Amino acid sequence: MQESAATLAAGTPIVEIGDVGSDLEVLVELLSTDAVTVSLGDPVLVEGWGGDTPLRGAVVQLEPQGFTKVSALGVEEQRVNAIVRLSADQPESAGLGSGFRVEARIIVWQDRDALIVPASALFRDQGRWAVLAVDGGEAVLRRVTIGRNNGTQAQVLEGLEEGAQVVLYPSSDLADGESVEQREVG
């Protein structure tokens, strides 16, 4: 595309026309370490666009070459562009256009039946993952097998039952069998 006054050769495009009503795409910059977990077709939720509910989309392209970008903190980061096509059945997206800023969450894995605990409840005990569960007002050491972990939440594959309460940020002074009590936070 030519952006300033100039003589153009025959066949040079001078304008692009897009249909934002049906073919809206979002360019998402991913850290290269995150991009390797993304696959074509992964569902995407687009938020922060001005509406009350997230817009739905899917990853349609991952660019094959990364680039370096300096973060707001001055750190050089390797990034990769992902192209997300928004679902056409969302008339509320008609207000979006070129250059708009949005936030995207790419769903790289989901399991509605997964047992999830806060990652802050996990600690290492004799080389294995463990939690302190609460049973009858006492802390009970439970060694657990962890599946996926995003740093905020972790999937528990075995060692804990659904509905179990766990101690968050357990102190190294808190031992198996010691008395604990629940307190409200917030």
Taking the criterion of being in contact with a helix residue (DSSP H, G or I) (Cβ under 8 Å, 6 or more places away or on another chain), farther than 16 Å from residue 101 by Cα, surrounded by 13 or more Cβ atoms within 10 Å (Cβ to Cβ) and aliphatic (A, V, I, L, M), would at least one residue in the range 72-88 satisfy it? yes
From the list 160, 174, pick out the single residue that is of a type outside the set (Lys, Arg), at pLDDT 95 or above and assigned to a loop (DSSP other than H, G, I, E, B). 160
Matching residues, the range 108-127, being assigned to a strand (DSSP E or B), touching a Ser or Thr at 6+ places or on another chain (Cβ under 8 Å) and without any contact (Cβ under 8 Å) to a residue 40 or more places away in the chain: none
Return the total of residues in the range 147-156 being without any contact (Cβ under 8 Å) to a residue 40 or more places away in the chain and either in a strand (DSSP E or B) or not assigned by TED's automatic domain parsing to the domain that holds residue 136 (or both). 5
Among the listed residues 93, 98, which satisfies the condition of being outside any strand (DSSP E or B), touching a residue at least 60 places away in the same chain (Cβ under 8 Å) and surrounded by 17 or more Cβ atoms within 10 Å (Cβ to Cβ)? 93
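The values are calculated or read from the model by the stated rules, or taken from the named source; none is laboratory data. If you're wondering where the values come from, they're calculated on a predicted model, not measured in any experiment. Please note: Cβ atoms are built from the backbone with ideal geometry, for glycine as well, and neighbour counts cover all protein chains shown.
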